[in-house]
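Student: Take this structure, written in structure tokens, and hold onto it; I'll ask about it next.
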Amino acid sequence: MSFFEPYLHTPSAVLSDGIVPVPLWAVTQLSIDWTYFVPQVGGTRRRVAVVGHDDSLSLSAVLLGPLRFTWKVALENLAESSRQGTALSRITGGTQSGLVLITTATIRTDLAVQSLTFAQSAQRRDTLDVTLRLLHLPRPGSLAKLLDVSSIGVGALTDALPV
């Protein structure tokens, strides 16, 4: 298999700050975890409108080909910008911030990188294994919910497109 064959197809995932897209061509594992907050039993009748759960995403991928070190540096820069404010937050005036992840399983905005790991083995010197742990940090309000719902429609459209 040539290094250029994967680039002729759609990447498994794309992580972006709104300007720089980083394609992840070979995603080997993606998991999405939701941690729900359970209200206290016997609490007051008043409820405060807060986020009902925390979301985190774990992603394992392989960076391959002659641009693997370019993608590595781009991922490191995205991880740093997710903590300090991305280009997306500047473009939208702060209404949306964080990174955007697009996969066939989910489309998420407002992500921050919690951990980023690279590994290389002697058996596969021409590849870099990458592991990402992302936290979903949506801003409170209806815009975040609207984006979540619209991602379902975009995901359905991507499934309908021919490969």
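Student: What order do you get for 18-30, 116-128 when each peptide is scored by the mean count of other beta carbon atoms within 10 Å, highest first?
Tutor: So the order, starting with the most tightly packed, is 18-30, 116-128.
Student: Which length gain, in nm to one decimal place, applies between T70 and V14 when the Cα-Cα distance is subtracted from 0.36 nm times their residue separation?
Tutor: Length gained between T70 and V14: 18.7 nm.
Student: Could you give me the ³J(HN,Hα) list for the range 65-73, computed from phi with Karplus coefficients 6.51, -1.76, 1.60 and θ = phi - 60°, whole Hz, x at Gly and Pro?
Tutor: Couplings: x, x, 9, 4, 6, 5, 5, 4, 5 Hz.
Only the coordinates and a few stated rules stand behind these numbers; no lab work does. Remember, it's a predicted structure, so these values are computed and weren't measured experimentally. Neighbour counts run over all protein chains shown; Cβ positions are idealised from the backbone, glycine included.
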